[in-house]
1. Just name the residue that is modelled with the highest pLDDT out of those in the range 131-180 that are among the aliphatic types (A, V, I, L, M) and within 30 Å of Lys59 (Cβ to Cβ).
2. If you check Gly124 against the conditions, is it within 23 Å of Ala56 (Cα to Cα) and either among the hydrophobic types (A, V, I, L, M, F, W, C) or not assigned by TED's automatic domain parsing to the domain that holds Asp215 (or both)?
3. Scan the range 147-185 residue by residue and report those that are surrounded by 12 or more Cβ atoms within 10 Å (Cβ to Cβ) and either touching an Asp or Glu at 6+ places or on another chain (Cβ under 9 Å) or not in a helix (DSSP H, G or I) (or both).
Amino acid sequence: MMRSLTLSLFAMLFAAVAVAEQAQITVIGQGQVSVVPDMANINMGVTTQGKTASDALDKNSALMNGVIAALKGADIADKDIQTTNLNLQPIWNHRQNNGQAPKVEGYRAMNNLTVHVRELDDLGAILDVVAKTGANNFNGLQFDITDRKGATDQARIHAIQDARAKAELYATAAGVTLGRVMEISEILAQSVPRNMRMAEAMSASAVPVSEGTLDVDASVKVIFALGN
């Protein structure tokens with residue numbers, strides 16, 4: 001019984017050492033899928049000034065109500081209109097003479113929205129109407145896709161295929177055979193929607209918009225066993 005147990009432990013140890021000493025190759029596979037965006041995220045807002053805090057806020061609220069009404073009139077759902085920043089701050093006058101301390105000469109109110117536009121055909125008209133109804137602060141436009149997971153999964157498949165192709169190339173060049181996959185791990189990378197600058201667009205009577213395409217990327221690290 002003791003001899004059998006000893007032989008079993010020895011066999012397990014031998015197998016572990018054999019696996020640890022087995023030749024391996026590690027490669028990085030990369031995959032990319034280009035897709036046409038089907039939605040856009042607009043970051044916009046209203047900035048106003050007034051002699052008093054309440055004056056600045058009242059002006060801001062009046063304009064923002066007009067902007068929100070225009071968005072709803074363009075069939076933007078309530079769930080796709082989100083307040084992302086509401087700020088009120090004093091406007092300081094630092095140009096005082098005779099060593100006087102700076103004083104408050106007014107107030108600035110800022111109210112920003114993130115708007116999700118799910119019908120890109122309406123995007124140009126929406127940008128036009130909100131500018132005309134009071135939006136005077138545009139921080140950017142991001143194109144995106146609704147089914148990001150589907151595109152990412154396709155990029156992952158391409159990444160695995162790329163990893164195998166690289167490993168096969170190296171194995172052939174080294175005169176060895178490519179064995180089974182020992183390990184797969186994903187290299188996480190943030191995929192950022194494409195930004196569009198809007199500084200010049202708001203002076204146009206009809207805002208031209210071109211969504212182009214988005215690249216969705218995936219990377220994996222794959223370890224293959226090598227044979228003789």
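The values are calculated or read from the model by the stated rules, or taken from the named source; none is laboratory data. As the structure is a prediction and not an experimental result, all values here were calculated from the model. Here the Cβ is made from the backbone with ideal geometry for all residues, glycine too, and neighbour counts use every protein chain on show.
1. Result: Ala135.
2. No, not satisfied.
3. Thr152, Ala155, Arg156, Ala159, Val176, Thr177, Leu178, Gly179, Val181, Met182, Ile184
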